[in-house]
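The values are calculated or read from the model by the stated rules, or taken from the named source; none is laboratory data. Just so it is clear, the structure is predicted and the values come from calculations on it, not from any experiment. Glycine also receives a Cβ, built like all others from the backbone with ideal geometry; neighbour counts cover every protein chain displayed.
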Amino acid sequence: MNGTELGLWAIPLAILGGAIRVSTPFLFVSLGEVLTERSGRINLGLEGTLVFGAMSGYAIACVTGLPWAGVLAAAGAGSLFGLVHGLVCSLPRVNDIAVGISLMLLGTGLAYFFGKPFIQPVAPDLPALELGWWSDLPQVQAALRVNVLFPVGILAALLLWWMFRATRIGLLVRVVGDSTDAARAMGLRPAFIRTLATAAGGAFAGVGGAYLSLFYPGSWNEGISSGQGLMAVALVIFARWNPIACLGAALLFGGAGALGPALQSVGIPDGYYLFYAMPYVMTLGVLIATSSPGRAMAGAPGELSISK
Amino acid sequence: MTVDGRLQAGAIGVETVGMTMRFGGLTALDAVSMRIAPGTVHALLGENGAGKSTLVKCVMGFYRATRGQLMVGGREVEVPDPKSAHALGLGMVYQHFTLVPSLTAAENLVISREDAPPVIDWRAEMARLETFMARMPFTVPLDQAVRTFSAGEKQKLEILKQLYLGRRFLILDEPTSVLTPDEADEVLGHVRRLCQAGELTVLLITHKFREVMACADEVSVLRRGALVGCGRVGDLTRADLARMMVGDDELAEPAPRTGVPGAPVLSVAGVRARDRSGLKGIAIDALEVRAGEIVGIAGISGNGQMELMEVLTGQRSVSAGRIRVNGSPYGATRREARVHRVRFLPEEPLHNACVPRMSVVENVGFRSFDLNGSGARFWLSTRELKSRAADMAAAFRIRAASLDAPMSSLSGGNVQRAVLARELTGTVDLLVISNPCFGLDLTAVAEIRARIMAARNSGTAVLLMSEDLDEIMELTDRVLVMSEGRIAYECTAARADRAEIGRRMGGHA
């Protein structure tokens, strides 16, 4: 059998496969951003964290030969970036958005600087799960070749959701994110909790970067990120700060991104670049459709500088 | 369970002995000795700045008193920080809610506990909360987000939280300022019953004499940091209390009502608008305010008064309906406001009617800075602005360190006076006011009410929205009640009945 025999079924199949492949970094970065924003801060620097995570993950995997060591290194580097953001934002009269933008530029710049020697060498890939073993069709097998980090991401989304609902830490993050006054009255230190949440959020974004360089596309170069780190911030708003909704939103974005290549694979080359813009067009559409001039965003943490 | 164990120990008495607090050269609290007997409701009265909050902050460990002792349950104790006050069973309910809006009531309660478990077993916690609630005289929906609560429910939850945490001496800081009369009576009634049952001692900070009379056993009055009077409530009259609070200062008397209402100035017909959440809306079918009358809109906060105010000031767009001023359509543009002489005193004037960081001179000049006589001007005249501001400051007794200081450096009463000065200068056809006396002391309140009455007598149509029913009863000619975004009731002030209005505010027909 070949692609023509599969007919138009190839399109949804390719979109599904693409959605899973493309959505993983979106998922990780948006989970990190959910954690940060639920604590009352916005970290726009996650794009830089993502790129730096991609570089450091690739570099460590190259040097050690262990892809998982790369993932750990990326998480560590990411949490370091988050920590810097959190600490700087804990100073009085510092704006989290401005700090985020400068960290975004710093992160990408540092990644290019340290990453130069790793553009040529080849690092070992992260293992993938062959979920398409039951089928003879190569397209099905290719589409269902799922990286281990994807189920890890799903698990992380469920864990975060549970954490916000039924753990002391989760509730404390929500308290400081929703009302600084209430947190102070409770004897909490909001800046401390926010800094930790931002650091943990950075680790998520770092892992998202490691996925980019160690699986898909699977190499390190300067154009590795196409703005996933920034799109994830929009995605969090779209998902209304709910980790499980983040999973759905990431899949939707990934699917939209896979639309162009999928159509091309069945021989519809028209508007290829237009379809490439789909995720961005969709972001704009979603944000416009869900906005309202007269009412505050539902679910937005009360202490967020954009919703105050 | 520890919570139960501590509760059963019952109410505790608190006593301050010669409590003195100095900030630099300023004596905020001067040798205050006060005894609050266990199981009583003790009212603490005083003007703004009389030292009430300094006193309770010393008790709760936010401040360390310069001199004096604190006795809890008959023993002298040290309270270096709020945590040790909590450990002694002392708690405080603040004027501004300290609940987390997006958390449910149950989440709020559990997370406020010092010993909240790392992983919360919600089934077990809920069962324990239900048994706790069953013993309480009042309850709230545990599984709903606090955001959806009415002010009364929030206040109840605040008090429940303190009991849940095992506090046996409670300071309530103006607990009824955001409640309807019915809700206030209900909450205070519950508080009183808890005290009589010997579970709780309460220090009630308030400025409402009605509450002192109805709910408290004893009362203490502070003025300029000193205890100027105390006694059993039964032995004192309202006049006694007012004299103690204000001292020899004369309160401005409201001018007597003169004149009869004239032609309609404001008419609102069929107006529809969404509220802040976008989920509910307001619907005003017909509202008319005539020249020379004050129409009051009573209601619990959050029933659409704020939205109506925003529609009239142009801060909120309408989806349907007509607003007319002096017979012509009114869209709340600056030009229309000038032509029809419409003026506003919104609530929280520092945020809704001022630019906080601009100077007082600039802020009071907003209505006229670009006018030269009746025409527009391009170049501003700083001299004119300053002289006009100085006139207003003198006429309205605005106290500011300098008129060039930013508006945000003024006290609440002075911001209110400054905005009122700006809005009441010149001829005014329509004045729309919302909660003009919120958080002000007696002297400022009396003065502002006198100004509103004077404007009415000179032929201004006044629309007054207020959550303070006493204020509505004192000032208005006609009373409307707003409930669930609609005007639910209307009567003339002469025939207004407090109980009936209270019922309508609560949404009962």
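When residues in the range B:45-63 are screened for being modelled with pLDDT under 90 and away from chain A (no Cβ under 14 Å), 11 of them pass. Among the residues of the range A:184-201, those identified as over 18 Å from A:Leu91 (Cα atoms) and either touching a Ser or Thr at 6+ places or on another chain (Cβ under 9 Å) or in a helix (DSSP H, G or I) (or both) are A:Ala185, A:Met186, A:Ala200, A:Gly201.
Among the candidates B:Val146, B:Val140, the residue that is more than 14 Å from chain A (Cβ to nearest Cβ), among the β-branched types (Val, Ile, Thr), touching a residue at least 24 places away in the same chain (Cβ under 8 Å) and surrounded by 19 or more Cβ atoms within 10 Å (Cβ to Cβ) is uniquely B:Val140.
Counting only helices (runs of 4 or more DSSP H) that fall entirely inside the range B:297-358 and contain at least 2 residues that are touching a Gly at 6+ places or on another chain (Cβ under 8 Å), the qualifying elements are B:305-313. Being of a type in the set (Val, Ile, Thr) and buried (at least 24 other Cβ atoms within 10 Å of the Cβ) is a property that A:Val84 lacks. Annotation: of all residues in the range B:449-468 being surrounded by fewer than 22 Cβ atoms within 10 Å (Cβ to Cβ) and within 30 Å of B:Gly507 (Cβ to Cβ), the one that is nearest to the chain's Cα centre (by Cα) is B:Asp468.
Pairing each residue of the range B:74-101 that is within 9 Å of chain A (Cβ to nearest Cβ) with any residue that is assigned to a helix (DSSP H, G or I) and surrounded by fewer than 17 Cβ atoms within 10 Å (Cβ to Cβ), provided the two are 6+ apart or on different chains, yields C-beta distances under 6 Å for B:Pro101/B:Arg147. Can you find a residue in the range A:120-143 that is within 22 Å of A:Ile193 (Cα to Cα) and not hydrophobic (A, V, I, L, M, F, W, C)? Within the range A:120-143 (the criterion being within 22 Å of A:Ile193 (Cα to Cα) and not hydrophobic (A, V, I, L, M, F, W, C)), the answer is no, since none of the residues qualifies. Among the candidates B:Glu158, B:Glu107, which residue alone is assigned to a helix (DSSP H, G or I), within 18 Å of A:Ala183 (Cβ to Cβ) and facing another protein chain (nearest Cβ under 10 Å)? Matching residue, one of B:Glu158, B:Glu107: B:Glu107. In the range A:227-246 there is at least one residue matching the filter, namely being more than 14 Å from chain B (Cβ to nearest Cβ), farther than 28 Å from A:Gly115 by Cα and without any contact (Cβ under 8 Å) to a residue 24 or more places away in the chain. Every condition in (1) within 14 Å of chain B (Cβ to nearest Cβ); (2) farther than 30 Å from A:Pro12 by Cα; (3) within 20 Å of the chain's Cα centre (by Cα) holds for A:Leu159 except the one numbered (2).
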